[in-house]
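Presented below is the structure to which this report refers.
The values are calculated or read from the model by the stated rules, or taken from the named source; none is laboratory data. Treat the numbers as computed from the prediction; the structure is a model and nothing was measured. Here the Cβ positions follow ideal geometry from the backbone for every residue, glycine too, while neighbour counts run over all protein chains shown.
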Amino acid sequence: MNEISLHVLDIIQNSIKAGADLIVIVIEFDGERLTVTITDNGCGMDAETAARVTDPFVTSRTTRRVGLGIPLFKASAEATGGSLTVRSEKGVGTVVQAIFYYGHIDCPPLGSMTQTIVSQIVCHTDVDFAYSFVTPRGRMDFSTREVRQVLGDDVPLDTPEVVVWMRESIDNEINEIGGGSIQ
């Protein structure tokens, strides 16, 4: 995949398939490393499966016998001198964390995390998302739970005006903390 945001999209899809109703995405950039952490409260995996999940020939899919999402995410991070870890507990959820050395020649661009997050909010209105972007200049936090509290039950998150507001709000806050140059 040519953007980190597409890897994140793939992990979000895994979380949704695992029955998660809360997905937390944290992007942290310290000037050298870009750390991407995705946490969910889905069904989780037993220790044996979690240990093997980076193997492309280990998958829970029944339609094909390979699973490339996590192995490609790992390969992408490792190509920059970084790493990928997966921690999971059956019945609790999963944490996937990738570290990229952003100045490395093989580091893919972050891509549009805003587009990735907002598209998933629109497509999965029954799932709560929390998204944080952290730079040395500050922190941006966005939560669908907070948005729902403000809007009330009468205004769905996939309402066109809400979608536009979410995109603009997230992008503006990321730009304020210097994160726009990373995307």
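When only residues in the stretch 1-31 that are part of a strand (DSSP E or B) and under 10 Å from the mean Cα position of the chain (by Cα) count, which is surrounded by the most Cβ atoms within 10 Å (Cβ to Cβ)?
For the stretch 1-31, the residue satisfying everything is I23.
Only one of I177, I117 is crowded, with 20+ Cβ neighbours inside 10 Å and out of contact with any Pro (no Cβ under 7 Å at 6 or more places or on another chain). Can you tell me which?
After applying the criteria, what remains is I117.
Does at least one position in the stretch 73-81 carry a residue that is farther than 16 Å from T35 by Cβ, of a type outside the set (V, I, T), out of contact with any Gly (no Cβ under 7 Å at 6 or more places or on another chain) and without any contact (Cβ under 8 Å) to a residue 12 or more places away in the chain?
Yes, the stretch 73-81 contains a residue that is farther than 16 Å from T35 by Cβ, of a type outside the set (V, I, T), out of contact with any Gly (no Cβ under 7 Å at 6 or more places or on another chain) and without any contact (Cβ under 8 Å) to a residue 12 or more places away in the chain.
Quick check: is even one residue across the stretch 118-130 in a helix (DSSP H, G or I) and either modelled with pLDDT under 95 or among the hydroxyl-bearing types (S, T, Y) (or both)?
yes
Restricting attention to the stretch 131-161, which residues are aromatic (F, W, Y) and assigned to a helix (DSSP H, G or I)?
none
So which of L72, L34 ends up being within 27 Å of I170 (Cα to Cα) and either under 17 Å from the mean Cα position of the chain (by Cα) or at pLDDT below 95 (or both)?
When all the criteria are applied, what remains is L34.
Run down V164, V96 and say which single residue is outside any loop (DSSP other than H, G, I, E, B), at pLDDT 95 or above and crowded, with 18+ Cβ neighbours inside 10 Å.
Just one listed residue meets the conditions, V96.
Residue by residue through the stretch 86-108, note down the ones that are at positive phi and free of Cβ contacts under 8 Å to residues at least 60 places away in the same chain.
Residue satisfying the conditions is G91 alone.
Taking the stretch 167-183, which residues are touching a residue at least 12 places away in the same chain (Cβ under 8 Å), more than 14 Å from Q115 (Cα to Cα) and not in a loop (DSSP other than H, G, I, E, B)?
E173, E176
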